[in-house]
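The values are calculated or read from the model by the stated rules, or taken from the named source; none is laboratory data. Only a predicted model underlies this, so the values are computations on that prediction, with no experimental measurement involved. Note: ideal-geometry Cβ built from the backbone for every residue, glycine included; neighbour counts use all protein chains shown.
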Amino acid sequence: MKIFTEKFEYDVTNIRKISIDNKMAPLSIANSEDGKLSVELEIALPDNFSNASLDSFISYAVENSKFKLDLENLAAITGGAFQLTQSQVRVLIPQGLELKVDTDNLPLRLLGLTNKISADNENAAIILDSCVGDLKLENENGPIKLTNCKGNLTIDQENGPILAEEVSGDMLRVSSENGAIKMRLAQFTDLSVKNENGLIYYESMPMDFGLMRFKNENGKIALVLPEEMGYAIEAESKLGRVISSLKAEQQRMGRKHLFTNGDQSVKIEVKTQNSSIRLGSDPSINLGAFKSKLDDLREAIKNATSIEDNEKVQQILNKTVESLNTIKDKVTETKINEAIQNSINSLKDTIAGVNWIETKDKVLSTIEKIGTDINSNLRKFFEKVRQTDGEGDAQSGFGRHFEDLGDQLQNLWNKRPNWFSSGGDVDDELPRDVSEQSRRKILQMLENGKITADEAERLLRAIGKE
């Protein structure tokens, strides 16, 4: 096999929306720095294609400020022989443009984008990292994974897990069937998470207000909340138990369990049909809240150029210190408590009376070090708390309540590593009728002339049938 590389660039000065239809190879999309749209190909082809030209497999059209890019299937020149695992397409797009991506049987990665995004895939993974903007994701027979993303989020998933960590926005809508959902360090003031035949696990960051709704048919629901957050929870399981380690007032009305804490400003509804509900708190969630505020502080300092900006920095500093004091009050180990207090004092001293223009880089570096020290000390303490809770009663603390759920998710995730490379076999994990539906759909597409025989063969292999 030989690796062929080509690069194409397009002027999208007056474009507001980019649409990409990918049938070529695993695709990654990131932001461009020069304001242009570029396509970089690295395609593994058989040795006899010494003079292969790939430009005929890329086409585009411009209409009404919309740029449509088509990346065609290479089966016509390879006979299906080229190696997906050694091939990739990398697309760079300008910030701020709306993006729509459609791909089948090929993994999709979206990295560091600042765009409104709609992504649709089938039989392979969708992976997002450090994206900012409203997101709409649809997938079938493949996992969805998000890390460090901000914006309103809508997910429609079938036959695959959803994993998300450090995600936030105003609105969250998740609908899933036949797959586990795990969301850690999440913060959405208006959320609805629905699942059928799979686990729901959700860790909420601290919020001042909000509405959270969780509904499951045939799977557990595990909800982890910050200890100091004010909430009113209504939890109901028709055929299972409701188990709680929350330090909250509790009432029971038939099958409904009511839990209230603080000002009750966050309303939470939790319902499942045929399994249990587990509610708990985890003080280490506050680490995520502190990290978020520290990120805001660094960003404000980085962009500060005026007296008004300095005042904004001071306001964010006050909120960051308040968050730290909340965490520190829960630390019972004297040495760690004192170390955190020293870090708080250092943080205040670093910000006080700073000339932003001359010392900005030094301040940012110092804050980074202070944040690392605080995080290290807190993790040591919370790890000891976890070990202590794990040795106690099964209904106390957060230690045992969620270990089994985390293990289930990790085991489920580990069973599907091939989804991240070539969108490979999923038949072992899918109900038989789902696989049969996919096969019938492929054969119907072949009969209607929408795909070639080679394409049909590759699709059938992708769902596990030779």
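Which of the residues spanning the stretch 311-335 are assigned to a loop (DSSP other than H, G, I, E, B) and surrounded by 18 or more Cβ atoms within 10 Å (Cβ to Cβ)?
Let us first name the residues in the stretch 311-335 that are assigned to a loop (DSSP other than H, G, I, E, B), namely 329-333.
331, the sole residue that qualifies.
Which of the residues spanning the stretch 103-126 are among the hydrophobic types (A, V, I, L, M, F, W, C) and not in a strand (DSSP E or B)? Show your work before the answer.
Pass one, the stretch 103-126, residues among the hydrophobic types (A, V, I, L, M, F, W, C): 106, 108, 110-111, 113, 117, 119, 124-126.
106, 113, 124, 125, listed by residue number.
Checking the condition touching a Phe, Trp or Tyr at 6+ places or on another chain (Cβ under 6 Å), of a type in the set (Gly, Ala, Ser) and surrounded by 14 or more Cβ atoms within 10 Å (Cβ to Cβ), which residue from 248, 300 passes?
Details: 300 fails: touching a Phe, Trp or Tyr at 6+ places or on another chain (Cβ under 6 Å).
Checking each option against the conditions leaves just 248.
Whether any residue in the stretch 184-197 is more than 18 Å from the chain's Cα centre (by Cα) and outside any strand (DSSP E or B) is what I want to check. Walk me through how you get there before you give the answer.
Start the filter on the stretch 184-197 by keeping residues that are more than 18 Å from the chain's Cα centre (by Cα), which leaves 196-197.
If we keep only those that are outside any strand (DSSP E or B) too, we end up with 197.
Yes: the stretch 184-197 contains one or more residues that are more than 18 Å from the chain's Cα centre (by Cα) and outside any strand (DSSP E or B).
Across the stretch 204-241, which residue is surrounded by the fewest Cβ atoms within 10 Å (Cβ to Cβ) among those that are outside any loop (DSSP other than H, G, I, E, B) and out of contact with any Phe, Trp or Tyr (no Cβ under 9 Å at 6 or more places or on another chain)? Write out each step before concluding.
So the first thing to find is which residues in the stretch 204-241 are outside any loop (DSSP other than H, G, I, E, B), and the list is 204, 210-216, 221-225, 231-237.
Then keep just the ones that are out of contact with any Phe, Trp or Tyr (no Cβ under 9 Å at 6 or more places or on another chain); that gives 211, 213, 215-216, 236-237.
Values: 211: 13, 213: 15, 215: 17, 216: 26, 236: 18, 237: 22.
Here the residue is 211.
Looking at the stretch 10-28, which of the residues that are in contact with an Asp or Glu (Cβ under 9 Å, 6 or more places away or on another chain) and part of a strand (DSSP E or B) is farthest from residue 61 (Cα to Cα)?
22
So in the stretch 127-156, with the set limited to residues that are part of a strand (DSSP E or B) and touching a residue at least 24 places away in the same chain (Cβ under 8 Å), which one is farthest from residue 113 (Cα to Cα)? Explain how you work it out, then say what you get.
We begin by selecting, within the stretch 127-156, every residue part of a strand (DSSP E or B); these are 127-129, 132, 135-140, 144-150, 153-156.
Filter again for touching a residue at least 24 places away in the same chain (Cβ under 8 Å), leaving 127, 153.
Values: 127: 12, 153: 14 Å.
Per the stated criteria, the residue is 153.
Say whether the condition of being of a type in the set (A, V, I, L, M, F, W, C) and at pLDDT below 80 is met by at least one residue in the stretch 358-375. If you could, list the steps in order and put the result at the bottom.
Residues of the stretch 358-375 that are of a type in the set (A, V, I, L, M, F, W, C), as a first pass: 363-364, 367, 370, 374.
Filter again for at pLDDT below 80, leaving none.
Scanning the stretch 358-375, I find no residue that is of a type in the set (A, V, I, L, M, F, W, C) and at pLDDT below 80, so the answer is no.
Does residue 386 qualify as being at pLDDT below 55, of a type in the set (Lys, Arg) and under 30 Å from residue 200 (Cβ atoms)?
Details: at pLDDT below 55: no; of a type in the set (Lys, Arg): yes; under 30 Å from residue 200 (Cβ atoms): yes.
No: the conditions fail for residue 386.
Looking only at the stretch 186-203, which residues are surrounded by fewer than 21 Cβ atoms within 10 Å (Cβ to Cβ) and within 17 Å of residue 149 (Cα to Cα)?
Answer for the stretch 186-203, where residues must be surrounded by fewer than 21 Cβ atoms within 10 Å (Cβ to Cβ) and within 17 Å of residue 149 (Cα to Cα): 189, 190.
When you go through (1) surrounded by fewer than 24 Cβ atoms within 10 Å (Cβ to Cβ); (2) under 23 Å from residue 275 (Cβ atoms) one by one for residue 179, which number turns out not to apply?
(1)
Out of the residues in the stretch 142-190 that are in contact with a Lys or Arg (Cβ under 9 Å, 6 or more places away or on another chain) and among the hydroxyl-bearing types (Ser, Thr, Tyr), which is nearest to residue 291 (Cα to Cα)?
So the residue we want is 168.
Can you confirm whether residue 146 is surrounded by 20 or more Cβ atoms within 10 Å (Cβ to Cβ) and touching a Ser or Thr at 6+ places or on another chain (Cβ under 9 Å)?
Working: surrounded by 20 or more Cβ atoms within 10 Å (Cβ to Cβ): yes; touching a Ser or Thr at 6+ places or on another chain (Cβ under 9 Å): no.
Taking the combined requirement at face value, the residue does not satisfy it.
List the number of the failed condition for residue 123; all other conditions in (1) buried (at least 24 other Cβ atoms within 10 Å of the Cβ); (2) over 18 Å from residue 99 (Cβ atoms); (3) without any contact (Cβ under 8 Å) to a residue 24 or more places away in the chain hold.
Exception for residue 123: condition (3).
Quick check on my filter: what residues within the stretch 321-357 are at pLDDT below 85, within 19 Å of residue 296 (Cα to Cα) and of a type in the set (Ser, Thr, Tyr)?
Those that are at pLDDT below 85, within 19 Å of residue 296 (Cα to Cα) and of a type in the set (Ser, Thr, Tyr): 323, 326, 350.
Those residues that are part of a strand (DSSP E or B) and over 11 Å from the mean Cα position of the chain (by Cα), I need them from the stretch 157-180; list them, please. Spell out the reasoning first.
Taking the stretch 157-180 first, the residues part of a strand (DSSP E or B) are 157-158, 162-177.
Residues satisfying the conditions are 157, 158, 169, 170, 171, 172, 173, 174, 175, 176, 177.
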